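This report concerns only the one structure given below.
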Amino acid sequence: MIVVLSGGTGTPKLLAGMKDVYQEFSVVVNTAEDLWISGNKICPDIDSVIYALAGVIDEKKLWGIKDDTFITHLELKKLGFDEFMMIGDRDRATHIMRSELLRRGFTLKQATDKLRESFGVKQEIFPMSEEEVSTYILTDKGWMHFQFFWVKEKGEPEVYDIKIRGIEKAKPSMGLIETIKRSKAVIIGPSNPVTSINPILMVYGIKEAIRKKKTVIVSPIVGKKPLSGPAGKFLKALGYEVSPKGVIEFYGDLADLFVVHIGDKFRSETCEVVEENIVMKKREDAIRLSRAILELL
Ligand code: GDP
């Protein structure tokens with residue numbers, strides 16, 4: 001069994017392919033981008049992992065459910081309620097079920113189990129933690145929640161700093177550390193190192209458990225740019241180069257193997273660097289990359 005660490009875009013794309021070649025994996029997911037909107041708890045990264053593994057993710061947007069409608073969202077707007085994220089009707093059903101289960105006393109892990117089972121997903125999905133953790137970005141407009149920065153402000157403000165609020169109190173969700181201990185290897189997927197993977201690594205005990213395992217990191221940066229999202233801006237704000245070299249320096253000595261894009265090879269003193277085609281435009285690309293990673297393991 002392999003453990004995969006995931007955010008909400010790059011790694012879910014990889015997982016959608018991986019499940020076609022190898023089913024024995026569990027996923028540990030970032031919850032530092034979670035928030036309550038319009039009465040419901042949204043876990044954007046958990047939702048994307050469930051939808052990607054269930055084969056229902058909107059592959060164009062890489063979030064939400066394909067062919068969703070937005071009737072409730074538009075109706076709320078008509079009523080004068082500012083729902084700053086566009087939430088689809090089917091996607092909202094997931095959020096309603098999760099929130100109701102939490103109100104009934106389920107843990108987030110238990111609510112996630114119910115949801116992924118309902119979507120027919122066999123792989124276990126662990127929220128990184130039960131405690132509320134929120135990523136805040138210091139911009140030229142002040143501190144703001146990650147989703148505010150990325151969705152409402154379209155990622156445009158200058159970024160000076162990033163803080164993961166509440167992380168010092170976060171404990172790993174039930175069974176997570178035991179699952180890492182039982183695993184043969186850990187894959188850190190191609191996700192934003194600063195706001196998707198680092199919050200997971202900062203949860204008490206997770207990094208130490210991973211250190212004992214063979215760890216493969218897949219670069220989310222190709223050449224000098226991320227393929228999507230604000231990873232470039234964030235790495236730069238923290239003083240790292242926006243390149244695979246900056247990524248591996250950010251992760252310190254965690255990797256045994258680092259998978260970069262063809263032509264991006266550089267020498268690392270801390271790990272072996274392997275070149276592969278890591279750009280996933282279609283499911284077949286994710287299947288091919290998954291096979292290559294599994295062979296390396
Ligand atoms: P978020 O939670 O929505 O921020 O998503 P993630 O952190 O999971 O993913 C964002 C990262 O995925 C970005 O840094 C992208 O560069 C990376 N990414 C997106 N698509 C691909 C891809 O096809 N290949 C690789 N290697 N990285 C990708």
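What follows draws every value from the coordinates through simple rules; no lab data is involved. Predicted model only: the values in this text are computed from it and were never measured. Neighbour counts are summed over all protein chains in view; Cβ atoms, including those assigned to glycine, are modelled from backbone coordinates with ideal geometry.
For this structure, a couple of remarks:
- Sole exception among (1) away from the ligand (no atom under 12 Å from the Cβ); (2) in contact with a Ser or Thr (Cβ under 7 Å, 6 or more places away or on another chain); (3) in a loop (DSSP other than H, G, I, E, B) for Ile248, by number: (3)
- Pick from the range 214-223, criterion free of Cβ contacts under 8 Å to residues at least 60 places away in the same chain, more than 10 Å from the ligand (Cβ to nearest atom) and of a type outside the set (Gly, Ala, Ser), ranking: surrounded by the fewest Cβ atoms within 10 Å (Cβ to Cβ): Thr215
- Enumerated helices (runs of 4 or more DSSP H) restricted to the range 1-97, each holding at least 3 residues that are among the β-branched types (Val, Ile, Thr), surrounded by 23 or more Cβ atoms within 10 Å (Cβ to Cβ) and within 16 Å of the ligand (Cβ to nearest atom): 44-54
- Restricting attention to the range 128-170, the residues being touching a helix residue (DSSP H, G or I) at 6+ places or on another chain (Cβ under 7 Å), of a type outside the set (Ser, Thr, Tyr) and closer than 17 Å to Cys43 by Cβ number 7.
- If only residues of the range 224-233 that are near the ligand (Cβ under 9 Å from one of its atoms) and outside any loop (DSSP other than H, G, I, E, B) are counted, the one that is surrounded by the most Cβ atoms within 10 Å (Cβ to Cβ) is Ala231.
- Scanning the range 246-270 for residues that are surrounded by 17 or more Cβ atoms within 10 Å (Cβ to Cβ), out of contact with any helix residue (DSSP H, G or I) (no Cβ under 7 Å at 6 or more places or on another chain) and hydrophobic (A, V, I, L, M, F, W, C) turns up just one, Ile248.
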